[in-house]
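K.L.:
Sending over a structure as structure tokens; questions will come in a sec.
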Amino acid sequence: MTGPFEGKKNVYLCPDCGHGFVTMDSVEGVTPFMTGCLNCQSMAQSLMYKIPQQVLGNPAVYWIRPPMDEWDKYSVHVRDHLSRGGLIRDDHGAKDIKKRKRSVRH
């Protein structure tokens with residue numbers, strides 16, 4: 001069963017440089033309201049999924065939950081975030097999304 005945001009796209013906009021980028025939730029989970037801008041590294045803000053899905057292009061960022069056997073490479077804070085249902089940012093487009101979707105869900 002999928003959650004309401006799994007597979008949904010969102011947009012983050014940077015108030016400093018005006019850059020916007022599309023993200024996609026590859027699995028159900030919690031994403032941050034703010035994340036680093038892909039253009040200037042200031043903090044871009046989420047538009048909270050309020051953009052019609054059909055007008056959004058390909059995502060520049062995927063929110064993922066890595067398989068549990070990879071969690072040891074992350075900080076204790078990131079592991080805690082993941083264990084509570086949080087997702088982490090994958091700027092490389094998660095080449096094998098299907099593999100990531102099979103990861104353990106909480």
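The values are calculated or read from the model by the stated rules, or taken from the named source; none is laboratory data. Since this is a predicted model, take the numbers as computed values, not measurements. Glycine gets a Cβ as well: all are built from the backbone with ideal geometry, and neighbour counts include every protein chain shown.
K.L.:
If you go through the range 1-20 one residue at a time, how many are among the aromatic types (F, W, Y) and modelled with pLDDT under 95?
P.N.:
1
K.L.:
Taking the residues in the range 9-27 that are surrounded by 19 or more Cβ atoms within 10 Å (Cβ to Cβ) and among the charged types (D, E, K, R) as candidates, determine which candidate is nearest to L56 (Cα to Cα).
P.N.:
Applying the filter and picking the extreme gives K9.
K.L.:
Can you confirm whether the range 85-95 contains a residue that is more than 16 Å from the chain's Cα centre (by Cα) and modelled with pLDDT under 95?
P.N.:
Among the residues of the range 85-95, not one is more than 16 Å from the chain's Cα centre (by Cα) and modelled with pLDDT under 95, which makes the answer no.
K.L.:
Could you tell me whether the range 35-54 includes any residue that is at positive phi, out of contact with any Asp or Glu (no Cβ under 8 Å at 6 or more places or on another chain) and of a type in the set (S, T, N, Q)?
P.N.:
yes
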